[in-house]
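The values are calculated or read from the model by the stated rules, or taken from the named source; none is laboratory data. What you are looking at is a predicted structure, and each value in this text was computed from that prediction instead of being measured. As a convention, Cβ positions derive from the backbone with ideal geometry for all residues, glycine included, and neighbour counts pool all protein chains shown.
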Amino acid sequence: MSSEVPKFKVMVTNHKVHPEALDILREDCELIFCDKFPSDRQEILEKCRGVDGMFWTTPHLLDSEVLDAAGPQLKCAATISAGLDTIDANEMKRRGIELGYAPYISNTAVAEHAIGLMIAAGKRFHQGRLKIKSSEWKNWHIRWMLGQEIRNSTVGLVGFGGIGQVIAELLQGFGVKQILYTCRHKNPRGDELNAKYVQFDQLLCESDFIVVACPLTSDTENMFSDAEFQKMKPNCVLVNISRGPIIDHDALYNALKLGQIFAAGLDVTVPEPLPANHPLLNLPNCVITPHLAASTYPTRETVAKVTAHNIMRSLRGMEMLSPAFTLPQKERITNSGTE
Ligand SMILES: O=C(O)[C@H](O)CO
């Protein structure tokens, strides 16, 4: 600690954060930890009272209720997430509270997970394990449990931001026939990565693998529903490493059950956590991981440290390493929902 009396108070929404990141904060801050698992909103609302900063590592919404509970002295919050769908960033900006987030850092980990799910779902990993468990392996024959290959396939990327581009980079080694991508605007990196910009409909109709890598917005919510599944190829493998609500889960269930598509690989679902009795878990052609794409040793440690630096820099009056928005100097007001 650089000073005997910490200058600031920071709430950390759980105590599992890397010690190396907490040490960055301890240089100048008293840390107030939430203890409950699963993370408890009431505890957050109580412990955030009077803090100067918040280290946000919980799926709970950071919204007006939390900002009001924290009080007018709150200067900043930083989330460990690259997505801002659980943060009311507009409200924070309106109140002049700085917000840090963790973009780019997890791109490689998430892109690798996407490729993993393409292979796991395309090659029937989950179904294969079930066959072993049910002693059906003995029924092997030359056309038993055949899967899909990435080689010579058309891969459609829905979203071509940081993660979509790393997926396209990793795919260069797989000998794909064509990478397609769709997003709001054609991206200059598309040509470099031999990826062709197409409309969503064309991507649906032509892709053998589709990877959802776009942010969740009001435009992308339920982007995949009955009509979209009907356009997809029966051999298509759908992967989602973005956010669950982009896919209508009832429609997905039907498409997988009826064989409208071959398989799905999901790292994100609705809801999260997915209940243990959810129908998707009973489908052999659905591989599901519990929102693990960014959870690798190096990525999480870097994310935790960047989050700590974001808070520390803001409290010391410096620009965050990765601010979600910039506030003009004069816009810095006290945290008040009523101003
Ligand atoms: O948004 C992100 O960074 C990830 O989904 C969190 O794990």
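Tell me which residues, restricted to the range 99-108, are more than 9 Å from the ligand (Cβ to nearest atom) and surrounded by fewer than 22 Cβ atoms within 10 Å (Cβ to Cβ). Scanning the range 99-108 gives Tyr104, Asn107, Thr108. For the list (1) away from the ligand (no atom under 16 Å from the Cβ); (2) in contact with a helix residue (DSSP H, G or I) (Cβ under 8 Å, 6 or more places away or on another chain); (3) more than 24 Å from Leu61 (Cα to Cα), I need the number of the one condition that Met312 fails. Only one criterion in (1) away from the ligand (no atom under 16 Å from the Cβ); (2) in contact with a helix residue (DSSP H, G or I) (Cβ under 8 Å, 6 or more places away or on another chain); (3) more than 24 Å from Leu61 (Cα to Cα) is unmet by Met312, namely (3).
Mind listing whichever residues of the range 74-86 are assigned to a loop (DSSP other than H, G, I, E, B) and either out of contact with any Lys or Arg (no Cβ under 9 Å at 6 or more places or on another chain) or at pLDDT below 95 (or both)? Those that are assigned to a loop (DSSP other than H, G, I, E, B) and either out of contact with any Lys or Arg (no Cβ under 9 Å at 6 or more places or on another chain) or at pLDDT below 95 (or both): Ser81, Ala82, Gly83, Leu84, Asp85, Thr86. Would you check which residues across the range 292-304 are of a type outside the set (Ser, Thr, Tyr) and either surrounded by fewer than 19 Cβ atoms within 10 Å (Cβ to Cβ) or touching a Leu at 6+ places or on another chain (Cβ under 9 Å) (or both) and list them? Across the range 292-304, the qualifying residues are Leu292, Ala293, Pro298, Glu301, Ala304.
No other residue among Ala168, Ala109, Ala114 is farther than 17 Å from Ser207 by Cβ, within 19 Å of the chain's Cα centre (by Cα) and among the hydrophobic types (A, V, I, L, M, F, W, C) apart from Ala109. Restricted to strands (runs of 3 or more DSSP E) entirely inside the range 89-196, those with at least 1 residues that are farther than 30 Å from Arg313 by Cβ are 154-158, 178-182.
Go through the range 113-155 and give me each residue that's within 16 Å of the ligand (Cβ to nearest atom) and either surrounded by fewer than 17 Cβ atoms within 10 Å (Cβ to Cβ) or closer than 30 Å to Met54 by Cα (or both). Once the filter is applied, which keeps residues that are within 16 Å of the ligand (Cβ to nearest atom) and either surrounded by fewer than 17 Cβ atoms within 10 Å (Cβ to Cβ) or closer than 30 Å to Met54 by Cα (or both), the range 113-155 yields only His113.
No other residue among Leu280, Leu274 is surrounded by fewer than 23 Cβ atoms within 10 Å (Cβ to Cβ), of a type outside the set (Phe, Trp, Tyr), over 21 Å from Glu112 (Cα atoms) and more than 16 Å from the ligand (Cβ to nearest atom) apart from Leu280.
Considering the range 57-96 alone, what residues qualify as being in contact with a Gly (Cβ under 9 Å, 6 or more places away or on another chain) and within 16 Å of the ligand (Cβ to nearest atom)? Once the filter is applied, which keeps residues that are in contact with a Gly (Cβ under 9 Å, 6 or more places away or on another chain) and within 16 Å of the ligand (Cβ to nearest atom), the range 57-96 yields Ala77, Ala78, Thr79, Ala82. The set of residues from the range 247-271 being away from the ligand (no atom under 16 Å from the Cβ) and closer than 19 Å to Glu149 by Cα comprises Leu256, Gly259, Gln260, Ile261, Phe262, Ala263, Ala264.
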